[in-house]
Amino acid sequence: MNEKHRRRRTCLDQMRRELAERQRQRRGGDPAGKILLQLLALLSGALAMMPPIPMPTFSLPFRPARQPSSSIDEDRGPAAYAMERGLEPLNYATSRMRPPPSFRWLVKDLSRHRKADQARELLEARVPRAVIEWLRDSINTGDLWRLRMAARPGASDDDVIASMLTAAQMWEAERQQVEPPEPETPDDDPDDKKGPSP
């Protein structure tokens, strides 16, 4: 009777069996892979909940490389220079008062066409009266090296003014030596007081 009740297999039954096998394999027949994926999900969730770990800081002395002044296009300013090199330009708060520019910066501005007049005015306003004539002569003749020597790097404003005063005194002494004495007029000649010679 057992053999009578046994049903005969058809092509449809064969297709159902193959479909079930493919679905079982597609669902993930690899239990180790399933467990690994679950552990990875748990680990990433735990790391996402943790507070950020601060990076260790190293206190190494940092000195930016000195660049020759000819390689920096000073007419466009430090912000453009930084942006061209992929650096973040320094942003200053506009509500704060800016300190006056240093003597060194003003002397550099004298060689920039756009800022030369403003730099000249600021320099004349900051130096003593005894230096103004020397300063104007240095600017008008284009001898900016005299100003650069006076406004050397790292010098305070008082040192720069003292250096300018010394340079102005030396310049005045040289100028007086080079100028010939005024010619004497016949009225001022002491020999004429003796009378005409016979």
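The values are calculated or read from the model by the stated rules, or taken from the named source; none is laboratory data. If you're wondering where the values come from, they're calculated on a predicted model, not measured in any experiment. Heads up, the Cβs are rebuilt from the backbone with ideal geometry, glycines too, and the neighbour counts pull from every protein chain shown. Ligands, DNA and RNA are excluded from the accessible area calculation, which covers all protein heavy atoms including side chains. Shrake-Rupley method; radii C 1.70, N 1.55, O 1.52, S 1.80 Å.
Quick notes on this one:
- The set of residues in region 116-144 being touching an Asp or Glu at 6+ places or on another chain (Cβ under 8 Å) and small (G, A, S) consists of A116, A119.
- Set G29, G45, G33: member being modelled with pLDDT under 75 and open to solvent by less than 100 Å² (accessible area, probe 1.4 Å): G29
- So A167, is it closer than 30 Å to P78 by Cα and either modelled with pLDDT of 85 or more or out of contact with any helix residue (DSSP H, G or I) (no Cβ under 6 Å at 6 or more places or on another chain) (or both): no
- Residues of region 147-164 satisfying the condition of being touching a helix residue (DSSP H, G or I) at 6+ places or on another chain (Cβ under 7 Å), open to solvent by 40 Å² or more (accessible area, probe 1.4 Å) and part of a helix (DSSP H, G or I): R148, D157
- If the condition is being exposed (fewer than 14 other Cβ atoms within 10 Å of the Cβ), part of a helix (DSSP H, G or I) and not aliphatic (A, V, I, L, M), then region 119-134 contributes E121, R129, E133.
- For first residues located in region 125-148 and in contact (Cβ under 8 Å) with a residue 60 or more places away in the chain and among the β-branched types (V, I, T), partners that are open to solvent by 40 Å² or more (accessible area, probe 1.4 Å) and not in a helix (DSSP H, G or I) and lie 6+ apart or on another chain with Cβ distances below 7 Å do not occur.
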